[in-house]
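> This is the structure I want to talk about, given as structure tokens.
The values are calculated or read from the model by the stated rules, or taken from the named source; none is laboratory data. These numbers come from a predicted model, not from an experiment. Every residue, glycine among them, receives a Cβ derived from its backbone with ideal geometry; neighbour counts consider all protein chains shown.
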Amino acid sequence: MDEQTADFRREFKANLIDWLQIEDKTPDDIIDDEPLFGEGLGLDSLDAVEIVIMLQRKYNINQREVDQKREVFATFATLSDFVQERSSRQ
Amino acid sequence: MNVCISGFGAVSSLGVGLEATRQGLYAPPKLPTLPTRVDTSLSLPVFEVPLAGESGQPGGFTNTMLELALTEALDQAGLTRSSLAGRKVGVCIGTTVACQLNNIPFYDDLRSGRAASADLFRRYVVSAPAEWLRRELKLNGPTINVSNACASGADAIGIGALWLEQGACDLVIAGGADELNKVPLDGFHALGICSKQPCRPFAADRDGLNLGEGAGVMVLERPDDAKRRGHCPRHTLAGFGKAADAYHITQPHPDGVGLEMAITNAFRQADAKPTDVAFINAHGTGTDVNDRVEGQTLARLFPPNFAYMSTKSLVGHTLGAAGALEAIFTCIMLEQGVVARNHRCPACPPDIPVAPLSADLAFDGDLALSTSLAFGGSNTALVIKRMS
Amino acid sequence: MFIGNFVAYSDQALPGFELLTPELLKRTRERATLRRADRYTTLIVSAALALLGDDAADDGLALITATAFGTHRTTFSTLDDILDFPEAQILPTRFSHSVHNAAAAYVGAALKMRGPAIALAGFEQVLCEALELAKTFLHGGLCTRAMVIAAEEKALLTEKAHELWPERFAADMPEGVVGFLLSLSPQDNRRGRLLLNRSARVSLSSPFTFGGDAKLFQAFAHADATSEHHL
């Protein structure tokens, strides 16, 4: 992983904790390649919708684009990389 | 439980009054349209009540609809407003919007430190529907606004019936009212559960609900009291069951545990069993999760090929009014001996074992069930009986 | 009807009330899963946990919440969203928590409660009505024990209420919660008998649940099983 990606992931983890009010978690609790939803972080469908809206607000990624790429929600890493790639394009 | 439904009145997108409601239940469905009273950029069709009015004003359109439904219900029950003054009459009204101050310009002034309208604030305080009706009609009995999200209207009717059984009052005005409002419209859209098409409860391709608005009011009495004044009610409320899922803030328990408990409790009160009901007027919002959980739970509890449908394909989701309006629709269908079809669900969906009614169905029975599932896992079941 | 337990917390030093501290709310958040819950919900859950103590909830336990302003901090957060962002970018969590019964849902999840839960809202006698409703539920066999919890949170609207209607709302309204655990069984009696009489009741001087009748709450707080309370 290059330094830029590592930095982005660290920042994105902090953002998720803030957006989803999971204050009892630290960025280290979010494991890059583990599933984002279900066990682990305990995120659910309401969090998924919340993330989609925050991506719109903070990264200008529109909902349709996310809807077409549901697979990016598989793990933290897939989501973070998608957002990083999208924001570097702007 | 044996409480008379001495009269009822309804306002919904089907129209104002029971005649329009009765016709609308069996007519080709009116389709939802873009809202005219709500300032919105979202292209979400809704079921509007065909009346002029202004949205978002405390004590405004919601109470206008409530008063229309009340007037009809009292008339049906053979009662006048003046005859109720000073009597032990309970008022129990379910609502969501009317108990929240969500007037956007008012709040914008408040948060910006500008002078916010004191008049609007005062109207908000004095317009909570049940308390407003108690004052308007000079009643002297228990007075409650139920704010139990989408089950509020059904809960209000159940509570009213309990009051009568426990002797808390001698007559009850119970029901629900809610108007279309920008905040729930934007909120339900944010939750991703609004359809951009006419909603399709229980259908394989269902993709969300349409909001609606309206008011439904019932006048409830003890059988002896109705008889004494020479009134012959046509329905009774035979059971009220209520149970919680203890599961999730916006989604029902996947196994419908709370719903099952609510139905079981309502049947116990009604001394009835699943084979006794002619039909079920289901909550059926048109959202993926609600309809799956409800459809599967009903299929588990009721005999094969039981008849069920959702009137949300006709009037949308009227939130705090829904449980009350649906109880009234249930009364009308019991009276007609014909249960209206569930529109826009042509075939059995893959995730629900039994399809809802795709054609109107004549029946012989005299018992029906109406279910409500709300945010926060709050489930309510009402058993309604037609008097022979 | 017997009072099995009574709790009262307020941010102001009121007779009969324990002080509502950040530590108390923090403890509640540690004991229950309250990730997205707002302050109003945390107040209600704090009271529910205290009322039940080490007891477990069963299917015979009902909950009735009562409030005037309810979750208006969250309602206003939703309005902030609507004012500050495009209409398609409203956060769903805020909206879903702005319904009055969200608090009941959290109590249900925290205590694994399946019994009936009802949220009441009103400006006139909402706490008294909630107590009356508990009596109706108990006598009607809907439950064997009932929790009645009334709460008001301090936020913009309660802070401005006096300015907007000075004759009706006190300046500097307290924040807080009161809770009752009620039962018909004498075995559950810890704080005495509660006798409700609607026709003898005078309206509490304040529509606000707290501070309306300090003497009353003080009596509950100091009661034992031999006490008799008339309301």
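> Got a sec? Which of B:Ser147, B:Ser127 is within 28 Å of B:Pro252 (Cα to Cα) and in contact (Cβ under 8 Å) with a residue 60 or more places away in the chain?
Step by step, each of B:Ser147, B:Ser127 is checked, and only B:Ser147 is within 28 Å of B:Pro252 (Cα to Cα) and in contact (Cβ under 8 Å) with a residue 60 or more places away in the chain.
> I would also like to ask the following. Suppose we filter segment C:80-116 for residues that are aromatic (Phe, Trp, Tyr) and more than 7 Å from every other protein chain (Cβ to nearest Cβ); how many remain?
Taking segment C:80-116 and keeping what is aromatic (Phe, Trp, Tyr), we get C:85, C:95, C:106.
With the extra rule that they be more than 7 Å from every other protein chain (Cβ to nearest Cβ), the set shrinks to C:106.
Qualifying residue count, segment C:80-116: 1.
> Within segment C:118-167, how many residues turn out to be acidic (Asp, Glu) and closer than 30 Å to C:Pro186 by Cβ?
Of segment C:118-167, the ones acidic (Asp, Glu) are C:124, C:129, C:132, C:152-153, C:159, C:163, C:167.
Applying the additional criterion that residues be closer than 30 Å to C:Pro186 by Cβ yields C:129, C:132.
So the answer is 2.
> Does segment C:90-111 contain any residue that is at pLDDT below 90 and surrounded by fewer than 17 Cβ atoms within 10 Å (Cβ to Cβ)?
No, the conditions are met nowhere in segment C:90-111.
> Here's a follow-up. If we keep just the residues of segment C:147-178 that are among the small types (Gly, Ala, Ser) and within 17 Å of C:Thr67 (Cα to Cα), which is surrounded by the most Cβ atoms within 10 Å (Cβ to Cβ)? Spell out the reasoning first.
Filtering segment C:147-178 down to residues among the small types (Gly, Ala, Ser) leaves C:150-151, C:155, C:161, C:170-171, C:176.
Restricting the remaining residues to those that are within 17 Å of C:Thr67 (Cα to Cα) gives C:150-151, C:155, C:161, C:170, C:176.
Numbers: C:Ala150: 27, C:Ala151: 29, C:Ala155: 20, C:Ala161: 21, C:Ala170: 17, C:Gly176: 27.
Per the criteria, the residue is C:Ala151.
One line per residue, one yes/no per condition, for (1) within 12 Å of another protein chain (Cβ to nearest Cβ); (2) touching a Cys at 6+ places or on another chain (Cβ under 9 Å); (3) outside any loop (DSSP other than H, G, I, E, B):
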{"position": "C:Cys143", "(1), (2), (3)": "yes, no, no"}
{"position": "C:Ala151", "(1), (2), (3)": "no, no, yes"}
{"position": "C:Pro166", "(1), (2), (3)": "yes, no, no"}
{"position": "C:Ala171", "(1), (2), (3)": "no, no, no"}
{"position": "C:Val177", "(1), (2), (3)": "no, no, yes"}
{"position": "C:Leu182", "(1), (2), (3)": "no, no, yes"}
{"position": "C:Gln187", "(1), (2), (3)": "no, no, yes"}
{"position": "C:Ser199", "(1), (2), (3)": "yes, no, yes"}
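> Next question. Restricting the search to segment A:43-61, which residues are more than 9 Å from every other protein chain (Cβ to nearest Cβ) and part of a loop (DSSP other than H, G, I, E, B)?
A:Asn60, A:Ile61
> Would you confirm whether or not segment B:250-261 contains a residue that is within 14 Å of another protein chain (Cβ to nearest Cβ), in a loop (DSSP other than H, G, I, E, B), in contact (Cβ under 8 Å) with a residue 40 or more places away in the chain and in contact with a strand residue (DSSP E or B) (Cβ under 7 Å, 6 or more places away or on another chain)?
yes
> In segment B:94-126, how many residues are part of a loop (DSSP other than H, G, I, E, B) and farther than 13 Å from B:Val183 by Cα? Steps first, please.
Taking segment B:94-126 as the starting set, the residues that turn out to be part of a loop (DSSP other than H, G, I, E, B) are B:95-96, B:100-103, B:113-117.
Filter once more, keeping what is farther than 13 Å from B:Val183 by Cα: B:95, B:113-117.
Number of matching residues: 6.
> Taking segment B:22-49 on its own, how many of its residues are within 14 Å of chain C (Cβ to nearest Cβ) and not hydroxyl-bearing (Ser, Thr, Tyr)?
Just the residues of segment B:22-49 that are within 14 Å of chain C (Cβ to nearest Cβ), to begin with: B:34-35, B:38-44.
Among the residues that remain, those that are also not hydroxyl-bearing (Ser, Thr, Tyr) are: B:34-35, B:38-39, B:42, B:44.
Here the count works out to 6.
> Something else: Go through the residues of segment B:156-179 one by one and say whether even a single one is on the phi > 0 side of the Ramachandran plot and surrounded by fewer than 24 Cβ atoms within 10 Å (Cβ to Cβ).
yes
> In segment B:211-229, is there at least one residue being surrounded by fewer than 19 Cβ atoms within 10 Å (Cβ to Cβ) and more than 20 Å from B:Glu165 (Cβ to Cβ)?
no
> In the list B:Ser117, B:Ser55, B:Ser82, which residue meets the criterion of being under 27 Å from C:Arg94 (Cβ atoms), surrounded by fewer than 18 Cβ atoms within 10 Å (Cβ to Cβ) and of a type outside the set (Asp, Glu)? Outline the logic, then answer.
On the way: B:Ser55 fails: surrounded by fewer than 18 Cβ atoms within 10 Å (Cβ to Cβ); B:Ser82 fails: under 27 Å from C:Arg94 (Cβ atoms).
Among B:Ser117, B:Ser55, B:Ser82, only B:Ser117 is under 27 Å from C:Arg94 (Cβ atoms), surrounded by fewer than 18 Cβ atoms within 10 Å (Cβ to Cβ) and of a type outside the set (Asp, Glu).
> While we're on this one: From C:Ala161, C:Ala109, grab the single residue that is more than 23 Å from B:Asn148 (Cα to Cα), in contact with a Phe, Trp or Tyr (Cβ under 7 Å, 6 or more places away or on another chain) and either in a helix (DSSP H, G or I) or free of Cβ contacts under 8 Å to residues at least 24 places away in the same chain (or both). Spell out the reasoning first.
Details: C:Ala109 fails: more than 23 Å from B:Asn148 (Cα to Cα).
Exactly one of C:Ala161, C:Ala109 is more than 23 Å from B:Asn148 (Cα to Cα), in contact with a Phe, Trp or Tyr (Cβ under 7 Å, 6 or more places away or on another chain) and either in a helix (DSSP H, G or I) or free of Cβ contacts under 8 Å to residues at least 24 places away in the same chain (or both), namely C:Ala161.
> Here's another thing I want to ask about it. Under 7 Å between Cβ atoms, which residue pairs at least 6 apart in sequence (or on different chains) link something in segment B:222-249 that is touching a residue at least 24 places away in the same chain (Cβ under 8 Å) and part of a strand (DSSP E or B) with a partner that is crowded, with 18+ Cβ neighbours inside 10 Å and acidic (Asp, Glu)?
Pairs found: B:Lys242/B:Asp155.
> Then there is this: Any residue in segment B:93-107 that is more than 7 Å from chain C (Cβ to nearest Cβ) sitting within a Cβ distance under 9 Å of a residue that is assigned to a strand (DSSP E or B) and charged (D, E, K, R)? List the pairs, counting only those 6 or more apart or interchain.
B:Gly94/B:Asp178; B:Thr95/B:Asp178; B:Val97/B:Asp178; B:Ala98/B:Asp178
> Looking at this structure, is C:Phe137 more than 19 Å from C:Ala105 (Cβ to Cβ) and surrounded by 17 or more Cβ atoms within 10 Å (Cβ to Cβ)?
Details: more than 19 Å from C:Ala105 (Cβ to Cβ): no; surrounded by 17 or more Cβ atoms within 10 Å (Cβ to Cβ): yes.
So C:Phe137 fails the test.
> Given the conditions (1) away from chain C (no Cβ under 11 Å); (2) at pLDDT below 95, which single one is not true for B:Glu213?
(2)
> In addition: Would you confirm, using the coordinates I've provided, whether B:Ala246 is buried (at least 19 other Cβ atoms within 10 Å of the Cβ), at pLDDT 95 or above and over 17 Å from the mean Cα position of the chain (by Cα)? Quick ask: steps written out before the conclusion?
Values: buried (at least 19 other Cβ atoms within 10 Å of the Cβ): yes; at pLDDT 95 or above: no; over 17 Å from the mean Cα position of the chain (by Cα): yes.
Taking the combined requirement at face value, the residue does not satisfy it.
Let's see how each residue does on (1) within 8 Å of another protein chain (Cβ to nearest Cβ); (2) buried (at least 23 other Cβ atoms within 10 Å of the Cβ); (3) part of a helix (DSSP H, G or I); (4) touching a His at 6+ places or on another chain (Cβ under 7 Å):
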site: C:Ala48; (1), (2), (3), (4): no, yes, yes, no
site: C:Asp58; (1), (2), (3), (4): no, no, no, no
site: C:Ala66; (1), (2), (3), (4): no, yes, no, no
site: C:Phe76; (1), (2), (3), (4): yes, no, yes, no
site: C:Ile118; (1), (2), (3), (4): yes, yes, no, no
site: C:Phe123; (1), (2), (3), (4): yes, no, no, no
site: C:Glu129; (1), (2), (3), (4): yes, yes, yes, no
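> Could you tell me which residue of segment B:108-126 is farthest from the other protein chains (Cβ to nearest Cβ), considering only residues that are within 18 Å of C:Thr71 (Cβ to Cβ) and within 26 Å of the chain's Cα centre (by Cα)? First the steps, then the outcome.
So the first thing to find is which residues in segment B:108-126 are within 18 Å of C:Thr71 (Cβ to Cβ), and the list is B:110-111, B:121, B:124-125.
So of that shortlist, the ones also within 26 Å of the chain's Cα centre (by Cα) come out as B:124-125.
Details: B:Tyr124: 9, B:Val125: 5 Å.
Applying the filter and picking the extreme gives B:Tyr124.
> Here is a follow-up. Do any residues in segment B:317-346 that are more than 22 Å from B:Ile144 (Cβ to Cβ) have Cβ atoms under 6 Å from those of residues that are acidic (Asp, Glu) and not in a helix (DSSP H, G or I), where the two are at least six apart or on different chains, and which pairs are they?
Every condition considered, the pairs that remain are B:Val338/B:Asp360; B:Ala340/B:Asp360; B:Arg341/B:Asp360.
> Shifting gears a bit: Being hydrophobic (A, V, I, L, M, F, W, C), surrounded by fewer than 16 Cβ atoms within 10 Å (Cβ to Cβ) and more than 20 Å from the chain's Cα centre (by Cα) is the filter here; which residues of segment B:43-52 pass it? Step through it out loud before you land on a result.
Pass one, segment B:43-52, residues hydrophobic (A, V, I, L, M, F, W, C): B:44, B:46-47, B:49, B:51-52.
When the remaining residues are screened for being surrounded by fewer than 16 Cβ atoms within 10 Å (Cβ to Cβ), the result is B:51-52.
Selection gives B:Ala52 alone.
> Something else about it: Counting only residues that are within 14 Å of chain C (Cβ to nearest Cβ) and in a loop (DSSP other than H, G, I, E, B), which one in segment B:50-62 is farthest from C:Glu87 (Cα to Cα)? Let's see the steps before the verdict.
From segment B:50-62, those within 14 Å of chain C (Cβ to nearest Cβ) are B:55-56, B:58-59, B:62; that's our starting set.
From what's left, in a loop (DSSP other than H, G, I, E, B): B:55-56, B:58-59.
Working: B:Ser55: 17, B:Gly56: 17, B:Pro58: 22, B:Gly59: 25 Å.
Looking at residues that are within 14 Å of chain C (Cβ to nearest Cβ) and in a loop (DSSP other than H, G, I, E, B), I get B:Gly59.
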